[in-house]
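Worksheet: the structure to be examined is printed underneath.
The values are calculated or read from the model by the stated rules, or taken from the named source; none is laboratory data. None of the values given here were measured: they were computed from a predicted structure. Virtual Cβ from ideal backbone geometry, glycine too; neighbours counted across all protein chains shown. These area figures cover heavy atoms from the full protein model, side chains too; ligands, DNA and RNA do not enter into them. Shrake-Rupley method; radii C 1.70, N 1.55, O 1.52, S 1.80 Å.
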Amino acid sequence: MTNVVLCGFMGTGKTVVGRLLARLLGREFYDLDAVIEEHAGRSVAEIFAAAGEAGFRSLEREAVLALAPAAGRVLATGGGVLLDPANRQALAAGGRLVLLTASPAVLAARLAGDRARPLLAGASDPAARIAELLTARTPIYAGLDVAIDTSGLLPIEAAVAVARAVGIATTVSEIEVAGAAGHAPLAARNLTATRVVTGRGAALTLGDVLRDRGVDGHVVLAMPPVVARHHGEALAAAIAAADLSLTTLEVPDGDRQKSFDHAVQLVDRLAELGCDRSACIVAAGGGVTGDLMGFVASLYMRGIALVNVPTTLLAMVDAHLGGKTGVNTPRAKNLAGAFHPPLAVVADPVLLNTLPGRELACGLAEVVKTALIGDAELFEILEAALLDPAGPHARRDPVLLDRCVAGCVAVKGGVVTRDPWELGERRVLNLGHTLGHALEAQRELELSHGEAVSLGLVAACRLAVDRGLAGGDLRDRTRRLLAACGLPVTPPPVADDLLRARLRLDKKRQGPDLRFVLPTGLGRAIVVDDVTEDEALRALNEERACASS
């Protein structure tokens, strides 16, 4: 990746916008003046006082040469850095130069009372001095790659504007939707597929994605409070940048909130907001948010547009893909629901930076599952990254997370395209879920979905070995990898009769036996229809006994 270099006059917002931009793009941020101060052990004002402007410019040149080589950084430069042609040449060679501007009146207001600006020190008329310096520097600011006027922008809006202007490297794929003409939001826009946009910074393209998918009505950005706190401003700014009208709506994030009653309340709320059939729900959050708001989108006016912005790894690699929506009933999870394919899914791994460690590990359970089903290379990449002393830190490696998201989208997208209604191949995506859902439903165990799936995976691997469909090495490697992900691999004690009751409500069973997915090797899995309850529970109990022996 090349650098993004913010240039411009003092007070245009280079540092504050640069910090935000770096956070939104998942990049390192460097403030050139701060680097100079750290190396010199003195403030910029002190350097000017001791060595004059010439002395400062010499130190500035050294800092530029150290930071200019392309490394995917965001650099905020001093207002006069481009006075030296060598600086401009070095910075341009390593990145995109972005000019931030503001009107003289705005600059004077922003800089009023700022005593840390050496070039304004002692000026009897700061506004006149600003105008004089601006006039002198106009030629050196000419010809930069991008110019953004920050006069009327909030810092977050300016950061989004810069990101959109310099371009964000994303990967775009499509998940074909069978019978798209029967889905009103797709048919109305003459679309036949869900577009999946992945990559660091992808969330900043959200407004453009909405426009590209034919959204021109009111947008309702629905997200739980924690997502609103961490990402709400950036997502709202990205939508607003595309000149779309917007309302934000906070929705509770908890499995118990995923109910008919709550769905009906949300339908009424959309009506209160005056949403018509041109409206679009943007569901930003984890699996619960996607399931619930997708279900609401399928109900409201018999179906309005939906766009998913997953903010958990679990949602990025599984829950928000494929068009499934649903709510829980007292009897079982997701017992009621609908297929309501989104117009688009925008999966930005940068949004995972604020994800708690347990939630990240839960998403990795679905990554391991997907790798077992259809991406042997991804399984081996995870082993190489996580099965060493640095494993816990490697879980947050942005390059690894990029690969996880892209790989899972490719596998699941292909499966969903080939079998949209889960009549055949799509059933392999349930690997680890039969016993996993039964364990997750035992609330006293306090297992998350990913933790329950991890336990379901080790039991499925043991069952595959017991049936002679896979070697013991596959079971052992899977167990080690799941543990390295921070996931449980030893089933907790639970009465067989309680699990039997849950298994009998499994949507995938037919007749007395269970439909079960079993791995047969890395990147390969099959569906069998003759697994008895006793056989499934025996595999689970054997895993527990093996760990305690």
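List the helices (runs of 4 or more DSSP H) that sit entirely inside region 387-484 and contain at least 1 residues that are touching a helix residue (DSSP H, G or I) at 6+ places or on another chain (Cβ under 9 Å), surrounded by fewer than 18 Cβ atoms within 10 Å (Cβ to Cβ) and small (Gly, Ala, Ser). Before you say what the answer is, go through the steps one by one.
Numbers: elements: 391-394, 398-418, 433-440, 449-466, 472-484.
Once the helices (runs of 4 or more DSSP H) in region 387-484 are filtered for at least 1 residues that are touching a helix residue (DSSP H, G or I) at 6+ places or on another chain (Cβ under 9 Å), surrounded by fewer than 18 Cβ atoms within 10 Å (Cβ to Cβ) and small (Gly, Ala, Ser), what remains is 391-394, 398-418, 472-484.
Looking at 513, 476, which is the one that is among the acidic types (Asp, Glu) and under 33 Å from the mean Cα position of the chain (by Cα)? Lay out the reasoning, then the answer.
Values: 513 fails: under 33 Å from the mean Cα position of the chain (by Cα).
476 is the lone residue from the list that is among the acidic types (Asp, Glu) and under 33 Å from the mean Cα position of the chain (by Cα).
Taking the criterion of being in contact (Cβ under 8 Å) with a residue 12 or more places away in the chain and open to solvent by less than 70 Å² (accessible area, probe 1.4 Å), the residues of region 495-504 that qualify are 496, 499, 500, 503.
When each of 112, 121 is tested for being free of Cβ contacts under 8 Å to residues at least 40 places away in the same chain and either among the hydroxyl-bearing types (Ser, Thr, Tyr) or out of contact with any Cys (no Cβ under 9 Å at 6 or more places or on another chain) (or both), the lone residue that passes is 112. With respect to residue 492, determine if the residue is without any contact (Cβ under 8 Å) to a residue 60 or more places away in the chain and open to solvent by less than 40 Å² (accessible area, probe 1.4 Å). Yes: the conditions hold for residue 492. Would you be able to say whether some residue in region 209-225 is surrounded by fewer than 19 Cβ atoms within 10 Å (Cβ to Cβ), acidic (Asp, Glu) and modelled with pLDDT of 95 or more? Yes; the residues of region 209-225 include at least one that is surrounded by fewer than 19 Cβ atoms within 10 Å (Cβ to Cβ), acidic (Asp, Glu) and modelled with pLDDT of 95 or more.
Taking the criterion of being over 16 Å from residue 257 (Cβ atoms), open to solvent by 30 Å² or more (accessible area, probe 1.4 Å) and either assigned to a helix (DSSP H, G or I) or of a type in the set (A, V, I, L, M, F, W, C) (or both), the residues of region 319-365 that qualify are 338, 339, 353, 354, 357, 358, 359. The set of residues from region 11-26 being surrounded by fewer than 24 Cβ atoms within 10 Å (Cβ to Cβ), over 13 Å from residue 75 (Cβ atoms) and of a type in the set (A, V, I, L, M, F, W, C) comprises just one member, 16.
Of the residues in region 27-39, at least one is at pLDDT below 95, farther than 30 Å from residue 131 by Cα and either among the hydrophobic types (A, V, I, L, M, F, W, C) or open to solvent by less than 60 Å² (accessible area, probe 1.4 Å) (or both). Of all residues in region 298-318, those satisfying the criterion of being farther than 28 Å from residue 276 by Cβ and either open to solvent by 10 Å² or more (accessible area, probe 1.4 Å) or in a loop (DSSP other than H, G, I, E, B) (or both) are 312, 314, 318. Of the listed requirements (1) in contact (Cβ under 8 Å) with a residue 12 or more places away in the chain; (2) open to solvent by 50 Å² or more (accessible area, probe 1.4 Å); (3) closer than 30 Å to residue 199 by Cβ; (4) of a type outside the set (Ser, Thr, Tyr), residue 104 misses just one: (3). Taken over region 509-546, the criterion of being assigned to a loop (DSSP other than H, G, I, E, B) and either closer than 26 Å to residue 471 by Cβ or open to solvent by 50 Å² or more (accessible area, probe 1.4 Å) (or both) is satisfied by 511, 512, 522, 523, 532.
Pick out the one residue from 407, 374, 363 that is more than 30 Å from residue 27 (Cα to Cα), out of contact with any Lys or Arg (no Cβ under 6 Å at 6 or more places or on another chain) and small (Gly, Ala, Ser).
Values: 407 fails: more than 30 Å from residue 27 (Cα to Cα); 363 fails: more than 30 Å from residue 27 (Cα to Cα).
On inspection, the qualifying residue turns out to be 374.
Residue 143 passes every criterion in (1) on the phi > 0 side of the Ramachandran plot; (2) buried (at least 18 other Cβ atoms within 10 Å of the Cβ) apart from (2).
Among all positions in region 238-252, there is at least one residue which is under 30 Å from residue 329 (Cβ atoms) and buried (at least 19 other Cβ atoms within 10 Å of the Cβ).
Before we move on, is residue 230 open to solvent by 10 Å² or more (accessible area, probe 1.4 Å) and either in contact with a helix residue (DSSP H, G or I) (Cβ under 9 Å, 6 or more places away or on another chain) or of a type in the set (Phe, Trp, Tyr) (or both)? So that I can check it myself, show each step before the final result.
Working: open to solvent by 10 Å² or more (accessible area, probe 1.4 Å): yes; either in contact with a helix residue (DSSP H, G or I) (Cβ under 9 Å, 6 or more places away or on another chain) or of a type in the set (Phe, Trp, Tyr) (or both): yes.
Taking the combined requirement at face value, the residue satisfies it.
Do we have residue 384 as under 14 Å from the mean Cα position of the chain (by Cα) and either in a helix (DSSP H, G or I) or within 21 Å of residue 227 (Cα to Cα) (or both) here? Answer is no for this residue. Against the conditions (1) crowded, with 20+ Cβ neighbours inside 10 Å; (2) among the hydrophobic types (A, V, I, L, M, F, W, C); (3) touching a Phe, Trp or Tyr at 6+ places or on another chain (Cβ under 6 Å), residue 48 satisfies every one except (1). For region 168-188, what are the residues that are exposed (fewer than 15 other Cβ atoms within 10 Å of the Cβ) and touching a residue at least 24 places away in the same chain (Cβ under 8 Å)? Within region 168-188, 169, 172, 174, 179, 188 qualify.
Determine whether region 214-225 contains at least one residue that is acidic (Asp, Glu) and out of contact with any Ser or Thr (no Cβ under 7 Å at 6 or more places or on another chain). It would help to see each step written out before you state the result.
Of all residues in region 214-225, those acidic (Asp, Glu) come to 216.
When the remaining residues are screened for being out of contact with any Ser or Thr (no Cβ under 7 Å at 6 or more places or on another chain), the result is none.
So far as region 214-225 goes, no, none of its residues is acidic (Asp, Glu) and out of contact with any Ser or Thr (no Cβ under 7 Å at 6 or more places or on another chain).
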